[in-house]
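Read the figures in this text as sums done on the coordinates, not as results from a lab. Just so you know, these numbers come straight off a predicted model, no measurement behind them. A quick note on method: Cβ atoms are made from the backbone with ideal geometry, for glycine too, and the neighbour counts reach across all protein chains shown.
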Amino acid sequence: MKTTQMITMTCAWLTAASVVLGQEPVTSAGGRENHSGSKWHARVGWVHQWDRGMTVSGPDRTLSVSEIDGRSLRSDTPSLTYPDNSSAAGRTFDDGYVLPDYWTGDATLLDGANPERYGTTWNWGVDDASQYDYDGGNHPTLTFHIDHDEVVTEGDATMTGSSGKQDNDLPVDGIEIKLNRLLRSWAKDSAGTEPEPSDIKLNMDLVLRLALFPMKEQRFQRSSADQRVFAVSETYTYNDYYGGSDAVGGPFPPLDVPYSGTYGTETDAGPLVPVTPESSRRISRLMGTIRNNVAIRSEVWRLRGAAGLEFVKPFTRRLSLFVSPQLVLEVVNMDVERTENVTYTRSNSGQTSTVAARADRESKTAVVPGLLLSAGVDYRFADNWFVSAGFGWEWLSENPSVRVGPNRVRFDLEGGEFNLALGRMF
């Protein structure tokens, strides 16, 4: 049965009971009514509640980063700038160039006796000595690079927390005052004398309760899986450097880097390299890690008032059992803060910095009706003093909520409770 329906039915039941209170009770055969007048019981005690929870709905994260360390951020790996190694088209790199030289493509214009020089070019340049591997002149190589001004993320960045119920067991403790007034008492006929407790069939009390549940702070951390960040570059390797105009092939004097090709004739012609590279590849260099952290902090305090009927069955002069349905009103004050931070940790230094941040905070007070059903025992240990213990379950017509930034935070305040109290009769 839905909570709202239960509350409606209980309201109708209590209304009918209040009408009965205004009438003379029906006396059963062999028994009589005993009404003790204004008999009061007062209790002060501790209430422990469980099975309360917090639910966060909405997007896991909202912040995005478009740039890391001056590089634009993208999710896919860029393709090679020059994917076809067999192409004779010119190439321009960050640290040099290799452009076509049509003179070396014609045997009649360059050196018909050396056809292995076809497809080479003198029109090239290199910037840094680290790009040149002379290898004793046996197999010199030149390496050129293209460094993308972009970084690529790897990982799905799925939030490790759930967007459903974050914690369904938030224990809450409070202080409660409970006041009972005896309304009616039904007892066996005891020949005009005061009935013994065992002679009392049932007592019916009016019960009023007021409970305060102080400020309770809850924190929940939702963090994304790490996303690694890579800087992507391209490497092109040119083999078989031909230098000078002496013998064809074999060792040649090392190249003086930096070098910028110039064309000459005969012995003035510059060193030759193939127009097309032998190999090309992408290189990914780990730069660091991106992490998106979302934290929800809530502070909730509640004031609960309850009114209803309590049915008490005495067993001895000291021990009695009670059952009580009550209508409740919960005053719930909610203060919720949501923080989101995107941090970047550099792999080379381990330094962490915040690259994006967001903070939202909202407060709200709600009044929520509900129903409380409780049962327990009272034990009288002195003339007018007694202790009480009981269990109960509370239903509310709705779960109060507050929207903070892109998320809605709901508080499930239905659940069980246990109470201990010290009381006095007067």
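The phi torsions of the range 47-58, fed into the Karplus equation with coefficients 6.51, -1.76 and 1.60 and a -60° offset, translate into couplings of 10, 10, 10, 9, 6, 8, x, 10, 10, 10, 10, x Hz, rounded to whole numbers, with Gly and Pro shown as x.
Applying the Karplus relation 6.51 cos²θ - 1.76 cosθ + 1.60 with θ = phi - 60° to the range 177-189 yields 3J(HN,Hα) values of 10, 10, 10, 10, 10, 5, 9, 9, 9, 10, 9, 5, 5 Hz, where x marks Gly and Pro. Taking a ≥ b ≥ c as the square roots of the eigenvalues of the Cα gyration tensor, the range 297-426 is classed as prolate, since a/c reaches at least 1.5 and a/b is larger than b/c.
Extension gain for Q351-V377 works out to 3.2 nm (0.36 nm per residue, less the C-alpha to C-alpha distance). Taking every alpha-carbon pair under 8 Å whose residues sit at least 6 apart, the range 348-426 reaches a relative contact order of 30 percent. Distance from the C-alpha centroid of the range 303-320 to that of the range 45-74: 45 Å, rounded to the whole angstrom.
Protection proxy ranking, highest mean first, for peptides 299-308, 364-373: 299-308, 364-373, where packing is the per-residue count of other beta-carbon atoms within 10 Å, averaged. Near the amide H of K39, within less than 5 Å, lie the amide hydrogens of L182, all on another chain or at least 5 residues away, with H placed in the peptide plane. Loop-resident chymotrypsin sites (Phe, Trp or Tyr not before Pro) (DSSP state other than H, G, I, E or B) in the range 326-382 with no more than 16 further Cβ atoms inside 10 Å of their Cβ: F381. Proximity of backbone amide H atoms, modeled 1.01 Å from N, is registered between L272 and Y242, G243, G244 at under 5 Å, excluding neighbours fewer than 5 places apart on the same chain. Each residue of the range 308-323 was assigned a 3J(HN,Hα) from its phi angle through the Karplus expression (A = 6.51, B = -1.76, C = 1.60, θ = phi - 60°), giving x, 10, 10, 9, 10, 10, x, 10, 9, 5, 9, 10, 8, 10, 10, 9 Hz with x at Gly and Pro.
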